[in-house]
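Shown next, in structure tokens, is the structure this report addresses.
The values are calculated or read from the model by the stated rules, or taken from the named source; none is laboratory data. Model, not experiment: these values are computed from the prediction. Here the Cβ positions follow ideal geometry from the backbone for every residue, glycine too, while neighbour counts run over all protein chains shown.
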Amino acid sequence: MSKQSTFRLRWKGVISEPLSLAQISDKLRSGEISLIHNIEVEGSWITIREYFRTIGLSRSPIATATQIKNQESGSNPPEIKTSETKNKNNQLNLEHTVRMGYLWCGSTFIFPLLFSLIVPILEFLTKSPFPFSSRFVLLAFGTLAGCGLPYLSIRHINATIQDHGLSDIVKDQQKLYVTLATASALIWLIVFWILAGSKG
């Protein structure tokens with residue numbers, strides 16, 4: 001597989017012109033493409049991530065560029081071998097970071113419920129039920145705060161992912177967050193409206 005000198009990339013049905021590994025690495029570093037783009041290798045399509053694993057390259061665009069240049073020039077400095085463990089740790093950390101981003105997106109359905117617990121706690125402490133309007137305002141505030149809070153973590157995670165050239169994953173996570181947060185807010189507001197009215 002490593003004998004192939006140029007590769008075509010495919011993303012959402014669009015196929016690129018043949019590119020060298022160095023050109024692909026430059027595009028990764030600039031954020032034009034990501035590791036989940038497909039690459040054509042000997043007539044088959046696999047992700048760039050899978051191909052880099054096969055030929056033993058790091059998934060970090062900067063490290064990969066160094067490795068590709070050394071590979072093309074026929075040299076293989078010892079420092080690359082000694083940094084393999086560090087590269088693997090960085091790869092695991094990146095995968096963990098991406099997963100955490102998706103988990104924070106999903107948490108938009110959990111936080112509103114947790115924030116809504118403040119209402120029964122306050123009613124218990126005051127030993128008197130709130131009127132419908134007060135109860136719903138508190139529940140609505142908790143819902144919106146619960147849906148908005150995960151964005152702070154997602155934004156921080158996205159900044160880290162962007163630094164590794166995974167701009168497509170950043171866009172996907174942002175779209176997923178907006179979709180889930182909107183759906184969560186609508187669902188929980190309807191549920192809390194019903195619950196607040198039933199106790200009024």
Item to check | Residue list for region 172-200, filter: loosely packed, with under 13 Cβ neighbours inside 10 Å and either in contact with an Asp or Glu (Cβ under 8 Å, 6 or more places away or on another chain) or under 17 Å from Leu152 (Cα atoms) (or both) | outcome: Lys175, Thr179, Thr182
Next on the checklist: Whether any residue in region 125-146 is in contact with an Asp or Glu (Cβ under 7 Å, 6 or more places away or on another chain) and either free of Cβ contacts under 8 Å to residues at least 40 places away in the same chain or over 29 Å from Val178 (Cα atoms) (or both) is what I want to check.
Outcome noted: yes
Checklist entry - So which residues in region 15-56 are in contact with a Ser or Thr (Cβ under 6 Å, 6 or more places away or on another chain) and either without any contact (Cβ under 8 Å) to a residue 12 or more places away in the chain or part of a helix (DSSP H, G or I) (or both), if there are any at all? => result Ser25, Ile55
Item to check | Of the criteria (1) modelled with pLDDT under 85; (2) in a helix (DSSP H, G or I); (3) more than 30 Å from Ser34 (Cα to Cα), which one Ile187 fails | outcome: (1)
